[in-house]
Amino acid sequence: MAFGHRPLSGPRLPPQRGAATHLVVLCHGYGADGNDLIGLAPHWQRGLPTVAFVAPNAPEPCAGAPTGFQWFPISRLDPGEMQMGVESAADALNAFLDTELTRMELPPERLALVGFSQGTMMSLHVGLRRAVKPAAIVGYSGMIARGTDMEPLPADTPPILLIHGDADQMIPPEAMFATAGMLGHAGACVQWHVAPGVGHGIDPVGLQMGGDFLSMAFRNLLRRRVPQVNCPVP
């Protein structure tokens, strides 16, 4: 069942200066809400002063966290279960992205997606399938929601940054390497970083890397250049 019938909403942070030139949508993890990720935005505003940020609450209340939300139910890291989940929630997220872009009068390529954990699954699934791809995808402490090789990705696939703690006991760091390898072999430009001593969370280094990556992607978009980044494949 798709959850696209209920419009998503969540906390926002407007640009520091003028009208928004770009939009960053932050997708939270299982059992959290938009407030969990909107706190990243102030750390990035210095380098992104004309960017608007919004962190929608996922479509469903989460049974495991009464005050939180989920993009889809999940009981284990099973590729089939996760793939069905992201597919079921994709319409809701896509509708939200389109509404926000229209509201801000921004073209669809002026978008970037940032996800954490289950939100990374959603950001990768939706971002790689939009008709006009986002400028970048950043995924923290997550993975791709599939367990088989991918079809070759198109030339307009956005650059992707994956960041994961080596002490993550919720989603093991090996999942990040598998995701980076799968995406890289399919043709995506993927950067990745392992945060030493970090569990299922984001440390200051990872936070800085995410902001720098978004800033670079938006600058390259404005210059109409292919992002000049290294794309290691594990």
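Here is how the numbers come out for the structure above:
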{"quantity": "Residue in the stretch 6-22 that is hydroxyl-bearing (S, T, Y), on the phi < 0 side of the Ramachandran plot and in a strand (DSSP E or B) present", "calculated": "no"}
{"quantity": "Failed condition for I144, given (1) assigned to a loop (DSSP other than H, G, I, E, B); (2) of a type outside the set (S, T, N, Q); (3) over 21 Å from M84 (Cβ atoms)", "calculated": "(3)"}
{"quantity": "Number of positions in the stretch 46-58 that are within 27 Å of Q70 (Cα to Cα), in contact with a Pro (Cβ under 8 Å, 6 or more places away or on another chain) and either part of a loop (DSSP other than H, G, I, E, B) or at pLDDT below 95 (or both)", "calculated": "1"}
{"quantity": "Contacts under 7 angstrom Cβ, first residue in the stretch 154-179 being touching a residue at least 40 places away in the same chain (Cβ under 8 Å), partner basic (K, R), 6 or more apart", "calculated": "P158/K133"}
{"quantity": "Condition broken by P11, with the remaining ones in (1) free of Cβ contacts under 8 Å to residues at least 60 places away in the same chain; (2) touching a strand residue (DSSP E or B) at 6+ places or on another chain (Cβ under 6 Å) satisfied", "calculated": "(2)"}
{"quantity": "Unique match (being farther than 23 Å from H164 by Cα, surrounded by 14 or more Cβ atoms within 10 Å (Cβ to Cβ) and small (G, A, S)) among A58, A131, A92", "calculated": "A92"}
{"quantity": "Residue count, the stretch 187-225 (criterion: surrounded by fewer than 17 Cβ atoms within 10 Å (Cβ to Cβ), of a type in the set (A, V, I, L, M, F, W, C) and not in a helix (DSSP H, G or I))", "calculated": "1"}
{"quantity": "Residues of the stretch 88-108 satisfying the condition of being part of a helix (DSSP H, G or I), more than 15 Å from the chain's Cα centre (by Cα) and of a type outside the set (A, V, I, L, M, F, W, C)", "calculated": "S88, D91, D98, T99, E100, T102, R103, P108"}
{"quantity": "Evaluation of Q45 against (1) touching a Lys or Arg at 6+ places or on another chain (Cβ under 6 Å); (2) free of Cβ contacts under 8 Å to residues at least 40 places away in the same chain (one fails), failing number", "calculated": "(1)"}
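The values are calculated or read from the model by the stated rules, or taken from the named source; none is laboratory data. A quick note: this is a predicted structure, and the numbers were derived from the prediction, not measured. Every residue, glycine among them, receives a Cβ derived from its backbone with ideal geometry; neighbour counts consider all protein chains shown.
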